[in-house]
Structures are given as structure tokens and as C-alpha cells.
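> Structure in C-alpha cells, see below.
The values are calculated or read from the model by the stated rules, or taken from the named source; none is laboratory data. What you see is a predicted model, and the numbers here were worked out from it, not measured in a lab. Please note: Cβ atoms are built from the backbone with ideal geometry, for glycine as well, and neighbour counts cover all protein chains shown. The area values use the complete protein model at the heavy-atom level, side chains included, leaving out ligands, DNA and RNA. Shrake-Rupley method; radii C 1.70, N 1.55, O 1.52, S 1.80 Å.
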Amino acid sequence: MTKTYQKLRSRIGFLSFLIIFSWISLTFRLFQVMIIDSEKYQKKSAEKTTRNKQIDPYRGNIFDRNNVQLTRNVTHYNVGVHPQDIKEKKAFSYMLSEHLGENFEYYFSKVNSNSNYKTIHTKVTKDKIKSLLHDTPKGLKIDRYARRVYPHSNIVGQIVGFSDKDDIGLTGIEKTFNEELTGSSGWEVKKVDRKGRSHYNNNLPKKPAINGSNIKLSIDIEYQSILIEELKRRKSEMNAKGAIGILANPQNGKILAMASLPDFDPNFRDEFPIENQKNKAIVDLFEPGSIYKIVTSTAALNSKTVDILDEFYCEDGEYKFADNVISDHKSYGLMTFSEIFAHSSNIGMVKVAKELGPRQIYKYSRDFGFGSTTGISFPGEAKGILRSVNQWSDRSIIGVPIGYEVGVTALQMIMAYSAIANGGYLLKPIIVDQIISPENNVVFESKIEVIRKIASKSTMKKMKNMLGQAVDYGTGRKANIAGWSVAGKTGTAYKFIDGKYSKNFISNFIGFFPRENPQIAGIVIIDDPKPNNGMHTGGDVAAPAFRRIASRLINLDDSIQFHKPKNQKKINTIIASLSSIEEYDKYTDGYSIMPNVRGMSLLKAKKILINANIYPKIIGSGTVVWQSPKPGSKVNPESKCEIGLK
């Protein structure tokens, strides 16, 4: 070994050791980074080069039975900047100006701010910022908002309800089916470059959001509009405090319309009292008065305790029983049971109730569904008040049969009368017809659900006839519709206020039509009517509103089949012959030809006349039996044609 080597040997050894040690350390460190702590460093790398973004689902919509949209999602974007994250402020401002439309100075004033965050635009449409959503520069913040809009305003406000700014349902169907409507959030990973800009990359993981399901109601918006309009009209005419109404199909339990006044507009809900948000048809209780007489009547007929021709003396309008005086609105003497029902004699009904006894009345009250919820898919339903027999007083055998000492909802009443209409079956009411997934698959479909059979078919046929007589010649005459057979009952009850009965009234009418094959059942309740003429009975206050509603439905909906009255065979023959008149050729000299619309429903006649540029003037209801000018006449465009219906 040379002297030089000897001299440098220690240094070479140290250097060699240092190199070997460094290599071993680096190898270990590399092993630690690549193997042991790989997940940790992958996460750190991902945090710097990628960004996770939540994808919010769209809330499902609510439709009526004809797929008319009752809710709508209006999507908009809010755009803002974080000035401290933007280095090239001028270039950034020019870029914003190019994409969003405002001048450079506007954006530069925002970008050059000392604030942590500055809002640039609100309620921007997706089309305007589409490119920025796919290539978002650092410092730019874009937030998506979906605003719930209710296009029919107050018409279905109490049914549909509303959701808050976080898309959480607070009332109505929005609340009951919030989970189905909401859907579930997704996420996506975006690539971030060295300037902090995020970019879409199809190779990065992504979980799409699942939008909420759509809900199809049994409600018909046309029926609902008619119900609301006529309730408002009658409330105004009667100077009433409020009004409630329901329309239903008695054969399947589907609720076609449901409203209460005063109501509210869910688009501007803060401008209305919270009380108006309540669906009083389901939530509020009232003493029904004489419309509750169906319970005692059904019990008496079904148990064969009384028959329709059995006679009772109605004491000429005043009857003392259990230290109480029962009075009728008119003085009646000897009447059959069916006459007692038609003329709504309280005295006669109490005498029938005495023969039945409390337990039978209580049993049939329960069988009709009173004192328990109907099971409708809607929040806040009240079960009503029906005390068990051992809680009855001596007055209860007087009060309960004529609709006092019980608390019911309008929904319970309509389902009870529907049971009479369909032959004796109490049905569960349906308001949600279908739930449809985002893939357009029906995940739920309503079915007729029978709760119980109340009475025999023959008993219910007798009840239908008695209800028909109440409209034909009894207290419900003002609900009669020419050419149609209507069945129904009036009711008037004193309101119980501050622990005692007041001089204020609840006036109501409930019925169905056509009598032989009921397709529509309806109830109208007017709260505290104060008309100028002083009339307050259900027959004077509520029955005319029912007739107006029913007449409009008949003219609107051709599926409601016309019932040909037996005593109008001549009219029917005329209609049949008129409908066979041949069509006329159109004039070609600028004039219109008068079409032949005799024998048609109002809806069809209106469509044909309007298509011919002729405006109809409607007289009566039912089917067109005459028109003027006659078919084939040469008339000026936009002329009027009078059509008479019977």
C-alpha cells in the first residue's frame, strides 16, 4: 500500500461507510414511503391534485292524476370569488367578462377587493356558466341552488305543502313523502392543476346522485280549481268565516279534490298566517249535525229495528225527553221513517234512536269510521271524538243521533257517505296514486283497501233512496240538478264556543251522484255563515254550493255518465234523433257554418263551436237539446250560439 493510500484510508473508509449508510437509509425511506406509508402519501397527493365535490340530487316532483305538474324545480347558480386566491387579477377579470357578460371593470372591482369573498352574480342559468362548471379556475366559487316553485299557487297549497331552502318537506305531501322525494347525494373527483383550477376527468371515480322519485296524486287539478272557486264564492256570499270541501270517488276511495278556506300560497307562505297552512278537511273537528243521522238510520234499517214505512209522531215540533226539550225546524205530525229522514226531523230521529239503544248507535258510529283515523297518507289527521257508551250522559241518546257530542272531520264524513254510495264498504281514502322512480318505474301503486263492511247491500240501497228523497222533496232540494239524480243530506249545528253552544252555526251538505251508480261524492261545509237574509241552514247555505260544483263537474268531465230520468223520456227521444242529423259542408266565402252540437255534452259542444270560431252561450246543464242559430246556418266568424242543456 502506498503512503498516500495509508494517509487517505481512514477518509475512504468513512466515505464508503457514509455512502453505504446513505444508500441503506434512502432504501429504507423509499420502502417506508412506497410500502409502509403509501396510503398516507397517496392521500396527501390526492388532496393537492384532486378535489372531491358533492353532487346534489334533484327533488322529485308531484303531479295530479292527469300528470299535470304541481311542483317544479327551478335550478340556478350563484357565482362568487375569493380574491386572495387569484394572482392574475386582470386576466381573471377578462375571463369572467367573456363568459358572464358584464364589463371588465365590474369584475375587476370584485376581484381586486380585500374581502375574503365577493358575490358576482346570483340566479345564473346553467347555460351561461356551463363551460366554467367543467373548467373552474382557482378562486372562483359556483354554488348550485334548486328553488321549489308551486305553479298552481293556493289551489293545491294545503295538499302539496312546501319544502324549505334545504329541500326538506315541512307540510303536506312534501312532508309525508320527504324521503321518497329527496333522493340521495352523489360525489365526483375533479383534477386540480398547479394553478388550482379544477377539471373533469372521466378516469377519476364518480358516484352519480340519485334523484328523488315523482309522486302522482289522485287529485284532479280541474276538480280542485272548481271546488276552490265555488267555496270562495259561497263564503263571500254568506259572509262566512271559512269553508271546507272534498270531492271523492266513492267506488275506490280516491280523493279528487280537497280544500279549506282561508288558504295560502306556498310560493309566498310568509305573507299568510300559519293557521292557513292547515288542511282543515283532515285536521279540524266539528259537530256535524243532521248529516250524522245516517248512523242511526243505517243501524235501524240493518238491524231491522225500524223499516222505512214505520210511522212516528213528531210531536208537532216540540218533544220533552230526559228533562230536555227537542225541537224541529218545522212543526211535523205523523211521518214515516223515510219522511223523518228527508225532512230532517230531530224528534223523529231521537225516537228511532230510543228504540235502537246507545250500544247500537255507538257500534255503527265506529263501523262508519268515526272516532278513529281514516289512514290517509297525510300528516296531522285527527281521529275525532266519539265517547264510549259508559261515558254517555242522559242527554247523549238525544245528542249523538242528531250529530252533537261527537267530533268528526270532513274526510271521515265523505268516507262514511261513500260507504253508502258503494253498497256498504268503508274504504281507506287514497290521495297518493303512484310513486315513480327516477328510472320511470312504478315502485308503488295504490289499491282499493276495504276497512270493513258496514251493512248489507239492501240496507244501503234503502239509505240511497232515503238520501235521494231528501234532495227530491226534503231539506236538500237546493242541491237538485235538473236531469240528474242526486242523493244527499243537509246539516246545521250550533258551534260549541267557550264551553257552551253559541248562536253561530256550521252549515253543511254532503251527497253523491248519480244516485243509481254514484261516481262523485262531495261535501261542502260553511263555517259561521252570516248572510244578509239571515238564512243559515245547510239546505240554504251549503246545498246550492254543492249543486254549482256538481253542475260544473258534469259539464267538464264526459266520464261522468248522464243518468236519464224516467220522467223525461220525451226529451231523451228528441236528443237521440237530433244527434243523428247529418253534418254540413263548410262555406268557403269567409263565413262560418254553424255546427250541429245537439245531443252532445257541454264539453264536446264547446270544443266544436270554438274550433268553428263560434262562441257558445250556455243555458242549463246536462246534454244539449237545442241550439240557436240552427245547424248549417251561415254566420259571421266569432258569432254567438245559444245552446240549451237538460
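> Would you mind stating whether ILE454 is in contact (Cβ under 8 Å) with a residue 60 or more places away in the chain, within 16 Å of GLY371 (Cα to Cα) and either in contact with a Cys (Cβ under 6 Å, 6 or more places away or on another chain) or hydrophobic (A, V, I, L, M, F, W, C) (or both)?
Yes, satisfied.
> Now for a separate question. Being part of a strand (DSSP E or B), buried (at least 17 other Cβ atoms within 10 Å of the Cβ) and modelled with pLDDT of 80 or more is the filter here; which residues of region 125-151 pass it?
LEU140, ARG148, listed by residue number.
> Residues in region 282-297 that are crowded, with 24+ Cβ neighbours inside 10 Å and not basic (Lys, Arg): how many?
10
> Looking at PHE341, PHE268, which one is of a type in the set (A, V, I, L, M, F, W, C), free of Cβ contacts under 8 Å to residues at least 12 places away in the same chain and either open to solvent by less than 10 Å² (accessible area, probe 1.4 Å) or part of a helix (DSSP H, G or I) (or both)?
Selected residue: PHE268, the only one of PHE341, PHE268 that is of a type in the set (A, V, I, L, M, F, W, C), free of Cβ contacts under 8 Å to residues at least 12 places away in the same chain and either open to solvent by less than 10 Å² (accessible area, probe 1.4 Å) or part of a helix (DSSP H, G or I) (or both).
> Okay, moving on. Could you list all residues from region 229-259 that are within 21 Å of VAL68 (Cβ to Cβ), in contact (Cβ under 8 Å) with a residue 40 or more places away in the chain and either surrounded by 18 or more Cβ atoms within 10 Å (Cβ to Cβ) or touching a His at 6+ places or on another chain (Cβ under 9 Å) (or both)?
Residues satisfying the conditions are GLU230, LEU231, GLY245, ILE246, LEU247, ALA248, ASN249, LYS254, ILE255, LEU256, MET258, ALA259.
> Mind listing whichever residues of region 605-646 are open to solvent by 80 Å² or more (accessible area, probe 1.4 Å), at pLDDT 80 or above and among the charged types (D, E, K, R)?
LYS617, LYS630, LYS634, LYS640
> Just one of the numbered conditions (1) open to solvent by 20 Å² or more (accessible area, probe 1.4 Å); (2) at pLDDT below 95 is not true of GLY212; which one?
(1)
> Collect the residues in region 361-383 that are of a type outside the set (Gly, Ala, Ser), closer than 23 Å to SER456 by Cβ and open to solvent by less than 30 Å² (accessible area, probe 1.4 Å), keeping them in residue-number order.
Selection gives ILE361, TYR364, ASP367, PHE368, PHE370, THR374.
> Related question: Given the conditions (1) open to solvent by 20 Å² or more (accessible area, probe 1.4 Å); (2) under 15 Å from THR75 (Cβ atoms); (3) of a type in the set (A, V, I, L, M, F, W, C), which single one is not true for PHE108?
Answer for PHE108: the failing condition is (2).
> If we scan region 73-87, do we find a residue that is assigned to a loop (DSSP other than H, G, I, E, B), touching a residue at least 24 places away in the same chain (Cβ under 8 Å), under 30 Å from GLN434 (Cβ atoms) and in contact with a Phe, Trp or Tyr (Cβ under 7 Å, 6 or more places away or on another chain)?
No: region 73-87 contains no residue that is assigned to a loop (DSSP other than H, G, I, E, B), touching a residue at least 24 places away in the same chain (Cβ under 8 Å), under 30 Å from GLN434 (Cβ atoms) and in contact with a Phe, Trp or Tyr (Cβ under 7 Å, 6 or more places away or on another chain).
> Which condition breaks for PHE92 when tested against (1) more than 28 Å from GLY60 (Cα to Cα); (2) surrounded by 12 or more Cβ atoms within 10 Å (Cβ to Cβ); (3) within 46 Å of the chain's Cα centre (by Cα); (4) not small (Gly, Ala, Ser)?
(3)
> Every residue in region 522-557 that is buried (at least 24 other Cβ atoms within 10 Å of the Cβ) and not in a helix (DSSP H, G or I), please.
GLY522, ILE523, VAL524, ILE525, ILE526, PRO529, ALA542, listed by residue number.
> Against the conditions (1) more than 16 Å from the chain's Cα centre (by Cα); (2) over 29 Å from GLU88 (Cβ atoms); (3) not hydroxyl-bearing (Ser, Thr, Tyr), where does ILE173 fall short? Just the number, please.
(1)
> So, in region 484-521, of the ones that are open to solvent by 10 Å² or more (accessible area, probe 1.4 Å) and among the hydrophobic types (A, V, I, L, M, F, W, C), which residue ends up nearest to the chain's Cα centre (by Cα)?
Only one residue tops the list, namely ILE506.
> Separate question: Please determine whether any residue of region 300-320 is under 30 Å from LYS383 (Cβ atoms), touching a residue at least 12 places away in the same chain (Cβ under 8 Å), open to solvent by less than 20 Å² (accessible area, probe 1.4 Å) and assigned to a helix (DSSP H, G or I).
Among the residues of region 300-320, at least one is under 30 Å from LYS383 (Cβ atoms), touching a residue at least 12 places away in the same chain (Cβ under 8 Å), open to solvent by less than 20 Å² (accessible area, probe 1.4 Å) and assigned to a helix (DSSP H, G or I), which makes the answer yes.
> For the subset of region 447-483 comprising residues that are of a type in the set (Val, Ile, Thr) and in contact with a helix residue (DSSP H, G or I) (Cβ under 9 Å, 6 or more places away or on another chain), which member is most open to solvent (accessible area, probe 1.4 Å)?
Restricting to residues being of a type in the set (Val, Ile, Thr) and in contact with a helix residue (DSSP H, G or I) (Cβ under 9 Å, 6 or more places away or on another chain), the top hit is ILE451.
> Quickly run through region 602-614 and pick out the residues that are farther than 15 Å from TRP626 by Cβ and under 30 Å from the mean Cα position of the chain (by Cα).
If the condition is that a residue be farther than 15 Å from TRP626 by Cβ and under 30 Å from the mean Cα position of the chain (by Cα), then LEU603, LYS604, LYS606, LYS607 are the ones that fit.
> Looking only at region 390-446, filter to residues that are of a type in the set (Ser, Thr, Tyr) and touching a residue at least 60 places away in the same chain (Cβ under 8 Å); which one of those is surrounded by the fewest Cβ atoms within 10 Å (Cβ to Cβ)?
SER437
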